[in-house]
Amino acid sequence: MSKRILTDSQSQSKHGISVDVEGYLRNLDDWSEQVAEVIAESEGLQLTSEHWEIVRLLRDFYQEYKVSPAMRILVKQVKNSLGSEKGSSIYLMKLFPGSPAKLASKIAGLPKPTNCL
Amino acid sequence: MTDKKQSILAVLTKPPYGGTTAKEALDAVLTAAAFEVPVSVLFMDDAVFQLLPEQKTEGIEVKCLATTLPVLPMYDVEHIYVDRKALVDRGIDAEQLILSVQPVETDTLRSLFQNHSRILSF
Amino acid sequence: MILHTVNKSPLTSSCLNNCLRAIGDNDGLLLIEDGVYGADKHQGLKLKPLPSGITVYALKADVEARGLMGRLSEDVRVIDDQEFVDLVVSHNASQSWY
């Protein structure tokens, strides 16, 4: 269902949000909290407040530097603003399984971190 | 000075727009830094123009490099050098730049090339 | 009347110097892309002495992108895209130095 909402075209439908082949928003201005939830759902995630604080931190980082941070830098940033308990790869892996920097950026409506393999 | 055994010197010589080299250099530096490879950056020649403030790129529809360059310290890239001659030739004051950089004279510049194990030229 | 266009930085390319050798009275000189660095007053870019009657133009979007708005020589005219088009139309030939 959610896959259908994320159309990969220039669909003009009210819910049609254009994403690239990997599921990142083509137009960053399309992002909203609802869109974030839809993206998360398509990745099998239900967003909790713990997810949201990471998503917001990522958006703030992007707002300032116009680049999505790589994993190591994300960990460092989370540590600085949310404390060392959350500032660990393990914590972020639990929230965003697989590749946290990439997945969280996708949900935050940001480009893929360029320096992530 | 970083350990020569495993350090990169990225030598930047191109201006920020009008080509993609400056952007590619920044991506490469950030990638190396993301993997904790010690990397130093040296701005020479027209690359010092990358450091000018008040770059507004809406009119040419490309991403503003001056917005992203200040992320370097966040990536633990702390050795950022700039060829003082390049600044002087262009009438640019090191104090007005968007990044805190270390202006170097020719002797230091030469030693930078010797003191790193790998050189990436952009 | 020829409109000469230069799109390379004068510090790393001979485009501007060659253009200045070839430019004639009443021609126009338009600086675009990295060519706008040639309009930077701090560099002593030998824009002078220019043959008489020459106006130097620089494209606004390129000047702004490079943070040069406050660094231009006083005698350079900053033009927008529409003025760029007008300029091309008002000259009977153009030469690109690139």
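The values are calculated or read from the model by the stated rules, or taken from the named source; none is laboratory data. Quick caveat: nothing in here was measured; it's all calculated off a predicted structure. Note that each Cβ is placed from the backbone with ideal geometry, even for glycine, and that neighbours are counted across all protein chains shown. Remember, those area values only see protein heavy atoms, side chains included, never the ligands or the DNA or RNA. Shrake-Rupley method; radii C 1.70, N 1.55, O 1.52, S 1.80 Å.
Counting Cβ atoms of other protein chains within 10 Å of each Cβ in B:92-101 and taking the mean gives 1.
Pairs over the 19 Å Cα-Cα cut-off, from the set B:LYS23/B:LYS85; A:LYS66/A:LYS106; B:LYS14/C:LYS8; B:LYS14/B:LYS85: B:LYS23/B:LYS85.
When only the Cβ of Lys, Arg, Asp and Glu is charged (+1, +1, -1, -1), the dipole of segment B:4-121 relative to its Cα centre reaches about 360 debye. For chain B, the normalised intensity computed at q = 0.09, 0.17, 0.23 Å⁻¹ comes to -0.22, -0.82, -1.49 (log10 of I(q)/I(0), Debye sum over alpha carbons, equal scatterers, no solvent). Here the protein assembly as shown has 49 percent of its accessible surface on carbon and sulfur atoms, given a 1.4 Å probe and all protein chains in place. Between the beta carbons of A:SER49 and B:GLU58, assuming R0 = 35 Å, the FRET efficiency works out to 0.45 to the nearest 0.05.
Computed per residue of the protein assembly as shown from DSSP H runs no shorter than four, each worth -39500 (n - 2.57), the mean residue ellipticity at 222 nm is -9500 deg cm²/dmol. Our coupling estimate for segment A:101-110, obtained by passing each phi through the Karplus curve with A = 6.51, B = -1.76, C = 1.60 and θ = phi - 60°, is 5, 6, 5, 5, 5, 4, 5, 6, x, 10 Hz, Gly and Pro reported as x. Mind running the shape call on the protein assembly as shown? Use the C-alpha gyration tensor, a ≥ b ≥ c as the square roots of the eigenvalues: rounded below 1.5 for a/c, prolate if a/b tops b/c, oblate otherwise. Oblate is the answer for the protein assembly as shown, as a/c is 1.5 or above yet b/c matches or exceeds a/b. Relative protection proxy for B:108-116, A:104-112, B:80-88, from highest mean packing down: A:104-112, B:80-88, B:108-116 (other beta-carbon atoms within 10 angstrom).
Taking 7 Å steps out from each Cα toward its Cβ at A:GLN63 and B:LYS85 produces label points 4.5 nm apart.
The mean number of partner chain beta-carbon atoms within 10 angstrom of a residue's beta-carbon across peptide C:62-74 is 5. Averaged over peptide B:39-50, the number of partner chain Cβ atoms lying within 10 Å of each residue's Cβ comes to 2. Measuring gaps between exposed loop sites in chain B (GluC sites (Glu not before Pro); DSSP loop; at most 13 other Cβ atoms within 10 Å), the longest gap, sites not included, is B:62-104. Measuring r between the beta carbons of B:GLN102 and A:ASN80 and using R0 = 25 Å, the FRET efficiency lands at 0.50. Scanning residues 5 or more positions from B:VAL104 or on other chains, those with amide H under 5 Å from its amide H are B:VAL82, B:ASP83, B:ARG84, with H placed 1.01 Å from N in the peptide plane.
Residues whose amide H comes within less than 5 Å of that of B:LYS56, counting only those at least five positions distant or on another chain, are C:ALA65, C:ARG66, C:GLY67 (H built at 1.01 Å from N in the peptide plane).
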